[in-house]
Amino acid sequence: MVIVAGLNYPAIVNFAGQAAIISASLSLPEGGFALLSRHIQQPQNSEPAVSEQEPPEDTTTDTENDNSGSSGVLVPENLNTPSAPPSALSSSAPQKNPSGKKGDGRIVRETLTALAEKRFIAIRNNAYLRNDTKHSNKKTVSEMNKPPDFKYKKTGKPLVLIYHTHATESFEDFKRDYYKKSFRTRTTDGNLNITRIGREIAQILTNEGIGVVHDATLHDYPSYNGSYDRSADTVKKALKQHPGIQAVIDVHRDSIQRPNTDRVAPVAKVNGKNAAQLMLISGCDNGTFGFPDYWKNLRFSASVQQRLEADYPGITRPLSFTYKKYNQHLSPNSFLLEVGSNSNTLEEALYSARLFAASFAAALKEM
């Protein structure tokens, strides 16, 4: 399903100290993870911090095709089979708290922030970037300080494409302090999965006078493998149909689990209310990807990151600059956006979607 929204479209720290956190998205959305070893609050312009990379969390080979040169089969988290019927994926009945039972592990809500290590770079407005490339921090900062290659024009035609490589990713139905492994983490229901988040962002951008194409195709269903190849076809088609598109966002949600079975729901308090933390991922060419414009993407991503932190301090985790492609070679001003984790509630994710859209619209209009 594709929705094209134009000007006339209706509006529809806590810091864990010495804790080890496994985060899927710093390595590969919905499949890899990184270890954040100690959470400390950093004053603005303080020494940036880093998290340590770990192997993939899946017991199978972590080789979902993200255009990074890998091949093989990946089994996504909490999916019975890659071709499970809709009834197996789409159960939307909210779970009730069983009396006296705490499920299979705890859910903890924490604000994830930079660590005091060299690979984290302070950008501006207390925003940070994690540099997982061989580029020096000096070179990376120099590139980030260049203006984005985006020119805002109020034309009534689409300027932004939003799509979802892993469209069936979903959230907890309600806030609770435990999780059950049997609870679905993916669903084909567009009112419950990540496409709902994309729809929310698209609607707010439209209200702000920014034309949007929102593609809600389930690229990871019925088969999870090959999701990035299928979503690449979607991006190419949209760019051909709407040549005025200048920004492309692949919206996901993360999956974060500690070795002790705890799952983390990253949150930030915004106006006294929990918002699922956001993370932008900007890919980098390792010399073999055919991805020459990655610096343009990074300038754009860093500019958006700064604006988000200026508007809502703590709303973002550090921007990930890493040797991945994620279809970002198809268009400048592309980034991957992680909205919370599978332990956040849909309400928290929707709140973050609204905050992101407001800041993103303002950032575009300033370019």
Please work out which residue is farthest from D173 (Cα to Cα), limiting yourself to region 192-239 and to residues that are assigned to a helix (DSSP H, G or I) and of a type in the set (G, A, S).
-> A238
For region 271-278, does any single residue satisfy the condition of being crowded, with 24+ Cβ neighbours inside 10 Å and within 27 Å of K157 (Cα to Cα)?
-> no
For D250, which of the numbered conditions (1) surrounded by fewer than 21 Cβ atoms within 10 Å (Cβ to Cβ); (2) outside any loop (DSSP other than H, G, I, E, B) fails to hold?
-> (1)
Can you name the condition, by its number, that S182 falls short on among (1) within 25 Å of V267 (Cα to Cα); (2) modelled with pLDDT of 95 or more; (3) open to solvent by 40 Å² or more (accessible area, probe 1.4 Å); (4) not charged (D, E, K, R)?
-> (2)
Look through L218, L205 and report the one residue that is in contact with a Ser or Thr (Cβ under 7 Å, 6 or more places away or on another chain) and not charged (D, E, K, R).
-> L218
Pairs, first over 20 Å from A302 (Cβ atoms) and among the charged types (D, E, K, R) in region 240-262, second assigned to a loop (DSSP other than H, G, I, E, B) and open to solvent by 10 Å² or more (accessible area, probe 1.4 Å), C-beta under 6 Å, six or more apart = R258/A20
Matching residues in region 294-324 - criterion: being part of a helix (DSSP H, G or I), farther than 13 Å from A363 by Cβ, of a type outside the set (A, V, I, L, M, F, W, C) and open to solvent by 10 Å² or more (accessible area, probe 1.4 Å) | Y294, K296
Pairing a residue in region 109-129 that is over 30 Å from Y179 (Cα atoms) with any residue that is open to solvent by 40 Å² or more (accessible area, probe 1.4 Å), where Cβ atoms lie under 7 Å and the two sit 6 or more apart in sequence or on different chains, gives A116/I40; A116/E47; I121/N137; I121/V141; A122/N45; N125/A310; N126/Q44; N126/P313
Kindly indicate the residue of region 149-190 that is in contact with a His (Cβ under 8 Å, 6 or more places away or on another chain) and part of a loop (DSSP other than H, G, I, E, B) and also farthest from Y224 (Cα to Cα) among those meeting that condition.
-> K157
Subset tally (residues that are within 28 Å of A362 (Cα to Cα), of a type outside the set (D, E) and out of contact with any Asp or Glu (no Cβ under 7 Å at 6 or more places or on another chain)) for region 165-210 | 19
Which of the residues belonging to region 330-367 are of a type in the set (D, E, K, R), crowded, with 20+ Cβ neighbours inside 10 Å and in contact with a Phe, Trp or Tyr (Cβ under 8 Å, 6 or more places away or on another chain)?
-> E348
Is one or more of the residues making up region 124-139 among the aliphatic types (A, V, I, L, M) and either at pLDDT 95 or above or farther than 30 Å from D173 by Cβ (or both)?
-> yes
Among (1) open to solvent by less than 10 Å² (accessible area, probe 1.4 Å); (2) touching a Gly at 6+ places or on another chain (Cβ under 6 Å), T261 falls short only on (1)
Run down N286, N327 and say which single residue is surrounded by fewer than 20 Cβ atoms within 10 Å (Cβ to Cβ) and of a type in the set (S, T, N, Q).
-> N286
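The values are calculated or read from the model by the stated rules, or taken from the named source; none is laboratory data. What you see is a predicted model, and the numbers here were worked out from it, not measured in a lab. All Cβ positions, even for glycine, are placed from backbone atoms using ideal geometry, and neighbour counts span all protein chains on display. When the accessible area is computed, the model is the full protein with side chains, heavy atoms only, and any ligands, DNA or RNA have been set aside. Shrake-Rupley method; radii C 1.70, N 1.55, O 1.52, S 1.80 Å.
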